[in-house]
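Where a number appears in this text, it was derived from the coordinates with a stated rule and is not lab data. Small disclaimer: the values here were computed from a predicted structure and weren't measured. Don't worry about glycine lacking a Cβ; one is built from the backbone with ideal geometry, like all the others, and counts go over all protein chains shown.
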Amino acid sequence: MKINKALPSPQELKAEYPLSDKLRELKRSRDEEIRQVFTGTSDKFAVIIGPCSADNEEAVCEYVNRLSRIHEKVSDRLVLIPRIYTNKPRTTGEGYKGMLHQPDPDKAPDLYAGILAIRRLHLRAMEESGLTAADEMLYPENRSYLDDILSYEAIGARSVENQQHRLTASGMDIPVGMKNPTSGDLSVMLNSVVAAQQGHRFIYRGLDVTTDGNELAHVILRGGVDKYGTCIPNYHYEDCVRLLELYEKKNLRNPAAVIDVNHSNSDKRCKEQIRIVSEILHSRRANADLKHMIKGVMIESYLVEGRQDIGGEMIYGKSITDPCIGWEDTETLIYKIAEEC
């Protein structure tokens, strides 16, 4: 390995870009509101929504500010949590790996600039919108750069079996969603929740640490792929009932599920997300136990519908990774969710 540059510690970065008292109180308030959704003391529905990848600070902040204006109108029914995903898994290791790696998608990776960029982005989004966000815990050792900012974290399909992800999740005090692996195996996902809800002792960033377990660890259904590469969705009523049965056998705290309506559930056909959300809401209305278990949905949405390749004349606010629904559909969909929850 060639050492490119020494990186600042999380403590150094937080000192350089600190949370103000105002933002610290915002996070405390938002964390409590979201916690109540996942413990069942609130009947609000969580909508975790935003771009597939946070690729441009201006576009992401414009998106989150628009989301904030909608949130003011639906906050009695919904909790909107913007997706600000700053690092992206790549199946083959190729392609754009997110703002953490490339603050400018057109330029070479720069991890030092990336760490600064993702903290500035999250802070700016909080300050301007009054919303706290979700990000993916792709690299457990990196979450310390944002652990005082985020109100929700997800562990992806390729990471959910990794021991360090599970152990790190056990030390978090916010909801952490464990996605089913790309195979669609529900037992693997539930084993991750079991691990995250227990306390552990392990090495983290060079320290010997002990955790108490995270009662807010839960599952995210995102569909799977069979051995032929065919997408197998798992958002249907029967899938949710099966998940509920498995949850009951595990006897876990706060059994909860979020359903990712893109990825293998939609076969990455972004407009399908609208129909899938409608089906999920119908399942919740048809079964009181499912209504209690299904706490929210995860939606990929941006200013402009679709996706584009990096380079040339790029369209502002259009995804450079997976395709997303556009703003008009986003606004309509959120209001529909609020009406039907």
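Its Cα gyration tensor gives the range 28-184 an equivalent ellipsoid; the semi-axes, largest first and in whole Å, are 24, 20, 14. When only Cα pairs under 8 Å and 6 or more residues apart are kept, what is the percent relative contact order across the range 1-156? So the answer I get is 26 percent.
From least to most packed, judged by other beta carbons within 10 angstrom and beginning with the fewest, E300, E245 follow the order E245, E300. Highest mean packing first, where packing is the average number of other Cβ atoms within 10 Å per residue, the peptides 315-323, 143-151 line up as 143-151, 315-323. Were the residues from E245 through S29 laid out at 0.36 nm apart, the gain over their Cα-Cα distance would be 74.4 nm.
Footprinting exposure proxy ranking of K249, K291, K88, fewest other C-beta atoms within 10 angstrom first, gives K249, K291, K88. Note on the chain: Rg/Rh from C-alpha atoms, Kirkwood Rh, equals 0.93.
For the chain, what does the relative contact order come out to in percent, with C-alpha contacts under 8 Å and a separation of six or more? After rounding, I find 16 percent.
Whole-Hz Karplus values for the range 326-341 come out as x, 5, 4, 5, 4, 4, 4, 5, 4, 5, 5, 4, 4, 5, 9, 6 Hz, taken residue by residue from phi with 6.51 cos²θ - 1.76 cosθ + 1.60 and θ = phi - 60°; glycine and proline positions read x.
Put a dot 7 Å past the Cα of D106, heading toward its Cβ, do the same for D173, and the two dots end up 4.3 nm apart.
In plain terms, the residue of M178, M172, M1 with the fewest other Cβ atoms within 10 Å comes first and the most crowded comes last, giving M1, M172, M178.
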